[in-house]
Amino acid sequence: MFHYCAPGFHQIARSFRLSLGLAAGFVLGSLMVPVFPPVQATENSNLPVQPLSIEAQRELFLSVEQQISQRRFNDARSQMQSLLGYPLYPYLEAEFLAQNLSYANEEVIAEFLNEYAGTPLDNSLRRQWLNFLIDQNDAERFLLYYQGSGNAGLQCRYLDYLWKTTDNLAALWPQVTNQWLSGESLPSTCDSVFNAWTEAGYRTEFVVWQRLLLATEARQYSLARYLTRLLPSDKRYLGELARRIQANPATVMQFELFPGQDEREQEIVLRALHRLVWRDIDQAKRAWQHYQQHFQYDQVTANDMHERIGITLAVRGEPNAREWLLDLPLATLSETGKQWALASVLKAGRWDQVVMLYNSLSSEEKEQGQWRYWRARALEQLRFDDESVQEFEHVAGSRSYYGFLAAARLQQAPQLQYEPVRVEPEQIAALRNEPSVQRALEFFKLNRLLEARREWNVIGMRGTYEQQVATSVLAHEEGWYDQAIFGLARTGHFHDVERRFPLAYRDLLQAQAEANGLDVAWVYAIARRESAFRADAVSPAGARGLLQVMPGTAQYVTRRTPGPNLGRVTNHRLLQPEDNVRIGTRYMADLMRRTNQNWIIATAGYNAGMNRVVEWLPQQPLDFDIWVENVPYQETRDYLKNVLAYKQIYSILLGNETQVLSPLISLQMYAEGSSG
């Protein structure tokens, strides 16, 4: 009987079960053989076997992995025995099994899936095994092995097989409804069960309408037209309206298209206005005035639309935004509405209204650093000096953008609130013995980061709270900084500053900062905000690597900025830390030159692009902190606050105790060539 006595021992036990033929052998083509040939006795059998170094095991693993993918199974089997204790050995088993799917091997496959249930090893092989069973049209086995999937084809196949075999259709139909409610077209595998579901009366007008809205939101207009035809004939105009306003929200200005025959017209109008307000605010206001009289909207809906118009006006810097927002009951404003109400009164210099806004907040909101900072600023401007100082002192104790600003105004040292996480060495040692952790760390060493994260998440996100904390500490020890950062945040350990703000890639960042004349603390702040030091990070927009460099930006840097020739910059190169940081810091230096060494504007430009940021600079001088609150893009506004705070943190961690934000207290922001 085998026990989990040591790391890798379960793998050895499993492999010996296979090699002894206890799993009824293993079929390759028409030949039934054990996965590993039995060990033959030789005259040298009693000699000690020299174990492979970890480096040799990694090299051999990659070689065997390639052999299996090339279906060179005999070569692979002969070498796999040398990797029995290697953490990634199960991945060779999984690939071996995936390449040899058959009923004859079912017992081995089932044993493997059971042993690695809930891990990436299980997910990959199970999906391939299920597809094999589909090819065999084996409903019974498919239902036995299916455990849920994000794949629509497998989901539909499961529902189809269940429909054909279950006696409890009442429990099945709600599952089918959930599957049908998709904004995308579904595979033909779903057709049979969907037809049965329709015949059972579950494809109601309400369900059709819900899916039609999903399809229009996803801009799946062909699907939307199909769904419109499923509506009753006198309701099909609603589907056409929903599709048209999604394609062009100005359609809502054609008032005659909305006769008031169905209450869903109100929903369509609101969907249109929510988008039109950003495209043409004047049209949106006229349409809203008309439809308020035409339809009976409740007060909550009316307030929401009124607020949306006010927010849009504020984002665009319109002077009447303040009146639109303050005309509403302040306590009913959304978080975004309150932000823009604050920004608009600050821009107008109405410090009394700042206090009024603060007084309208809930008790919880009043404790937030942003609101307490601005209350302190307002009290200072209104000459309530003692109260202002007390409020600033309260805010200055926090490690945040507002805390550092408050400390700068008081001429105090910034506070890091450093509280390191305490994890016992025994916990770390136990964690290192976890197979999933061993597999994750091996993939990390091989720079196969996606596979590493999948394994890490087995404990890092699904383990006990104590395990999740310990994995964060272990990740930091291993130099896997992004996982440490995310793990500590996820478990609420925000004050472990040195682990949450690591001096990662220090030699690289220091060298490139110096080469480009940049403050290394600023480079660290940008890298921390952009990628949290995840070298293979790729954003939805296509930005890549540590400093999230866009391919277009890389081309600009190589062609139009001074410095050594960088050659052809491919997407692959942007994921290499050395290339990424070299290009990113050169771009940062270029932004500094273009902004007359204003690192605040350069920071905003790094996120939003310099052309946009130039448009945001006011014609009349505006205090730096007020300008930040009025940055139109929430992403850039938050980005600025984070990078400014991170630069202060990294300045301290790098041994520079300077108050980074002190020079910003008197900084005025204005467009070049304006009256400022």
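The values are calculated or read from the model by the stated rules, or taken from the named source; none is laboratory data. Everything quoted here is computed from the prediction, not taken from an experiment. Backbone-built Cβ (ideal geometry, glycine too); neighbour counts: all protein chains shown. To get the accessible areas, we keep the full protein, side chains included, count just its heavy atoms, and leave off ligands, DNA and RNA. Shrake-Rupley method; radii C 1.70, N 1.55, O 1.52, S 1.80 Å.
The residue that is farthest from F96 (Cα to Cα), among those in region 117-143 that are open to solvent by less than 50 Å² (accessible area, probe 1.4 Å) and outside any helix (DSSP H, G or I), is D138. Figure legend. Inter-residue proximity from region 144-159: first residues farther than 17 Å from E184 by Cβ and open to solvent by less than 40 Å² (accessible area, probe 1.4 Å), second residues among the aromatic types (F, W, Y) and not in a loop (DSSP other than H, G, I, E, B), beta-carbon distance below 6 Å, spacing 6+ or different chains. Indicated pairs: Y146/Y158.
Quick one: R544 ticks every box in (1) touching a residue at least 24 places away in the same chain (Cβ under 8 Å); (2) under 20 Å from W522 (Cβ atoms); (3) crowded, with 22+ Cβ neighbours inside 10 Å except a single one, so which number is it? If we test R544 against (1) touching a residue at least 24 places away in the same chain (Cβ under 8 Å); (2) under 20 Å from W522 (Cβ atoms); (3) crowded, with 22+ Cβ neighbours inside 10 Å, just (2) comes out false.
For region 55-91, name all the residues that are among the charged types (D, E, K, R) and open to solvent by 60 Å² or more (accessible area, probe 1.4 Å). If you could, list the steps in order and put the result at the bottom.
Kept after step one, since they are among the charged types (D, E, K, R), are these residues of region 55-91: 55, 58-59, 65, 71-72, 75, 77.
Answer for region 55-91, where residues must be among the charged types (D, E, K, R) and open to solvent by 60 Å² or more (accessible area, probe 1.4 Å): E55, E59, R71, R72, D75.
Per-residue answers, yes or no, for (1) modelled with pLDDT under 95; (2) within 21 Å of the chain's Cα centre (by Cα):
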| site | (1), (2) |
| --- | --- |
| R422 | no, no |
| I428 | no, no |
| R439 | no, no |
| L446 | no, no |
| E455 | no, yes |
| V458 | yes, yes |
| T464 | yes, no |
| A470 | no, no |
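Any idea which of A94, A104, A110 is out of contact with any Lys or Arg (no Cβ under 9 Å at 6 or more places or on another chain), crowded, with 19+ Cβ neighbours inside 10 Å and in a helix (DSSP H, G or I)?
Numbers: A104 fails: crowded, with 19+ Cβ neighbours inside 10 Å; A110 fails: crowded, with 19+ Cβ neighbours inside 10 Å.
Answer to the selection: A94.
Looking at G479, G463, just one residue is part of a loop (DSSP other than H, G, I, E, B), surrounded by fewer than 22 Cβ atoms within 10 Å (Cβ to Cβ), of a type in the set (G, A, S) and at negative phi, and that residue is G463.
Of all the listed residues (D352, D385), the sole one being without any contact (Cβ under 8 Å) to a residue 40 or more places away in the chain and over 25 Å from A331 (Cα atoms) is D385. Filtering G25, G29 for residues that are over 19 Å from R448 (Cα atoms), over 40 Å from the mean Cα position of the chain (by Cα), open to solvent by less than 30 Å² (accessible area, probe 1.4 Å) and modelled with pLDDT under 50 leaves a single hit, G25. Selection of region 482-507 for residues being open to solvent by 40 Å² or more (accessible area, probe 1.4 Å) and over 18 Å from Y418 (Cβ atoms) yields F486, R490, Y505, R506, D507. Of the listed requirements (1) within 18 Å of R409 (Cβ to Cβ); (2) open to solvent by less than 20 Å² (accessible area, probe 1.4 Å); (3) in a loop (DSSP other than H, G, I, E, B), E657 misses just one: (2).
Of all the residues in region 268-285, those that are touching a residue at least 24 places away in the same chain (Cβ under 8 Å) and either farther than 18 Å from E307 by Cβ or not hydrophobic (A, V, I, L, M, F, W, C) (or both) number 8.
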